[in-house]
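Beneath this line is the structure, given in structure tokens, with notes to follow.
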Amino acid sequence: MEGKVIGPGPYRATKLWNETIKLFRGGMPLRRHWVHFRYYDCSFTGSEAVDYLHDLLRCNYNFGPEVTRYQTLQLLRKFFKAHVIEDIKGRHGTEDFEDNGHLYRFPTLSPLKSFPVRAVLRDSSDLPRLIRWDDYEELPQQENIAPTKSAVLSSDLWNKRHSVAIGDVHECKLIRRKEITQNQVEHIWKSMTIAHLQRVLGLKSLDGVLNPTHVNGKHIVHNVFSVNKAGIVILENKAEDMPYWVVSAMKCLANWPNGNEAKQPVYPGFERDVLKTVSDYFQRLKEPLLTFHLYEVFVNILSLLQQQGVATEALQVSCLLLPPPNRRRLQLLLRLMARVCQNSHLPPLNDTINTRTLMVQMFSQCVLGSVDDMDLDELLATKLVTFMMEHHSTIFQAPSKLRCQVEEHLSHLKRVQIKYVGSDTDFSASPAFCKQISRVVSEEQKVIGTQTPLQELLEGLIADKELPAKDKRKRLKQFQKMYPDVYHKRFPTEESKVAVLPEKTPRLKPHLMFFGLKKPFQPFQRSWSFRA
């Protein structure tokens, strides 16, 4: 199906919406019902629909057992308005769906939504490339010094370039690198974090999922490094933090009954009023803590929750993209929710539902939501917030794999390079013009252009009369290991090697040298013959 082009957000939610409708339509029991002495085939009551869909959602891994009957009723009301179902008279959307004996049926037309066309989002700012050998800036030289003239490549210059390979390090100097700015560091963190997130989510592209222009590299760096001992973000601007009275109320609940710092009088129901104070603050926020721009990212993570390790890493990376005030609020809220659920000394906070369900239902929409009020927002938020509450201690740790990759990249950019004498020689004596050649010719020229200087280097070693024979053999052996093809071409046989280098004289033992023998002593052997 085709649809209009829209921004990131509803694609994954639309897919889950259609899947839920298919499961509901395909499994909902239909039978004959009688109303006012008239029967209606292939129909169901409102209560039957709530019962079936509630069990279906609780057993589905996309939603889970935290789904309440009231949430199921709210979803059926959305189904009714979207004409997924209709009453037996064909009406839909004019009245609310009721959890009673009123009769409903499925329409003949397909109720599935068309998939929106994902807007192609490109980020022109790529990751800075790693440094190459010729990408350097030399230290400033003294004035009134003539520039280096172009020279012809000789065996001596090649010897300087490959001095390490033959065991002799010649004169060298350090190269000055340009200092990496803070903006470059933030850009590297942004690029590598987005790439890491794409790999963790298992997506070929983040088009329609995340707009790179909405990612701030400064936020990522701040979330990684500006944290206290507990791993909670420290804000530079205290005005962006939560009000003191909200923090005090959260501490009161989290440490109940020892968290009443203000020593306020405790009365029956005091803890419920404190919880309402906290919930009112979070529910009045202008947007969810996970922000509208990141909605589709976190919805995609829902499909990974069965793989706890992968989902945790995906949440670690995604939460780095949050503005620091949002990350701080979210972390403190999830810690509060977890502690309240585990606090056995805290009285019941609701007369009808347990504390765990209450906390998830109360704060889920404060955490995740879309700007367009998507149909499954509440159910998806419940599932995600439940997982984040259970694993909040690890979700807000900076992923070690990503951190190592970024630090390794930055250290490569900051490294000090060594430049050997002769490596800066310009061998282009005159302007050259490029001409396209075939791949075969290119490979042949590559081999010839590489072997010719090596052959000259080898001949220079052989012709060096000042070099002792022992050192010459040692360097030739090193050359053989480094360039076996060139060496074998020059010395195809042992005889050809002996013709160039004198044979190594065997060393005499001391007791033989005492007698002045030049050759190893061979004892006199006498042959005996016997006659019969």
- Message: Of everything in segment 238-250, what is open to solvent by 90 Å² or more (accessible area, probe 1.4 Å) and closer than 21 Å to MET337 by Cβ? Give them in sequence order.
- Response: TYR244, TRP245
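Yes/no matrix, rows are residues, columns are (1) farther than 30 Å from SER344 by Cβ; (2) of a type in the set (Val, Ile, Thr); (3) at pLDDT 85 or above; (4) in contact with a His (Cβ under 7 Å, 6 or more places away or on another chain):
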position	(1), (2), (3), (4)
THR357	no, yes, yes, no
PHE363	no, no, yes, no
LEU384	no, no, yes, no
LEU402	yes, no, yes, yes
ILE437	yes, yes, no, no
GLU456	yes, no, no, no
GLU466	yes, no, no, no
- Give me the pairs: first residue in segment 12-40 and under 18 Å from THR108 (Cα atoms), second residue open to solvent by 10 Å² or more (accessible area, probe 1.4 Å) and among the aromatic types (Phe, Trp, Tyr), beta-carbon distance under 6 Å, and six or more apart or on different chains, which are they? ARG25/PHE106; MET28/TYR52; ARG32/TYR39
- Message: I need a count of the residues in segment 349-391 that are open to solvent by less than 40 Å² (accessible area, probe 1.4 Å), farther than 19 Å from GLN283 by Cβ and not in a loop (DSSP other than H, G, I, E, B).
- Response: 1
- Query: Which of the residues that make up segment 222-241 are farther than 12 Å from ARG327 by Cα and of a type outside the set (Gly, Ala, Ser)?
  - Reply: PHE225, ASN228, LYS229, GLU236, ASN237, LYS238
- Residues LEU235, LEU321: which one is crowded, with 21+ Cβ neighbours inside 10 Å and not polar (S, T, N, Q)? LEU321
- Query: Counting just the residues of segment 219-232 that are part of a helix (DSSP H, G or I) and free of Cβ contacts under 8 Å to residues at least 40 places away in the same chain, which one comes out surrounded by the most Cβ atoms within 10 Å (Cβ to Cβ)?
  - Reply: VAL221
- Query: What tally of residues in segment 60-94 results from selecting those that are acidic (Asp, Glu) and out of contact with any strand residue (DSSP E or B) (no Cβ under 8 Å at 6 or more places or on another chain)?
  - Reply: 1
- HIS54 versus (1) out of contact with any Leu (no Cβ under 6 Å at 6 or more places or on another chain); (2) at pLDDT below 90; (3) crowded, with 18+ Cβ neighbours inside 10 Å; (4) of a type outside the set (Asp, Glu): which is the lone unmet condition? (2)
- Note on the structure: Taking segment 204-218 and keeping residues open to solvent by less than 50 Å² (accessible area, probe 1.4 Å) and either part of a loop (DSSP other than H, G, I, E, B) or under 16 Å from VAL406 (Cα atoms) (or both) leaves SER205, LEU206, ASP207, GLY208, VAL209, LEU210, ASN211, VAL215, GLY217
- Message: Residues to consider are VAL310, VAL274; find the one that is surrounded by fewer than 17 Cβ atoms within 10 Å (Cβ to Cβ) and either basic (Lys, Arg) or modelled with pLDDT of 90 or more (or both).
- Response: VAL310
- Query: Counting only residues that are at pLDDT 95 or above and part of a helix (DSSP H, G or I), which one in segment 281-291 is least open to solvent (accessible area, probe 1.4 Å)?
  - Reply: PHE282
- In the set TYR281, TYR295, the lone residue that is under 30 Å from HIS345 (Cα atoms), in the same structural domain as MET359 (by the TED database) and among the hydroxyl-bearing types (Ser, Thr, Tyr) is TYR281
- Query: Only one of these conditions is not met by THR193: (1) assigned by the TED database to the domain that holds GLN331; (2) at pLDDT below 95; (3) of a type in the set (Ser, Thr, Tyr). Which number is it?
  - Reply: (2)
- Matching residues in segment 69-85 (in contact (Cβ under 8 Å) with a residue 12 or more places away in the chain, open to solvent by 30 Å² or more (accessible area, probe 1.4 Å) and over 14 Å from ILE21 (Cα atoms)) number 2
- Just one of ARG91, ARG105, ARG118 is at pLDDT below 65 and either in contact with a helix residue (DSSP H, G or I) (Cβ under 8 Å, 6 or more places away or on another chain) or open to solvent by 60 Å² or more (accessible area, probe 1.4 Å) (or both); which is it? ARG118
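The values are calculated or read from the model by the stated rules, or taken from the named source; none is laboratory data. Keep in mind the model is a prediction, meaning the values are calculated, not measured. Here the Cβ is made from the backbone with ideal geometry for all residues, glycine too, and neighbour counts use every protein chain on show. Note: accessible area is taken over every heavy atom of the protein model, side chains too, but ligands, DNA and RNA are not part of it. Shrake-Rupley method; radii C 1.70, N 1.55, O 1.52, S 1.80 Å.
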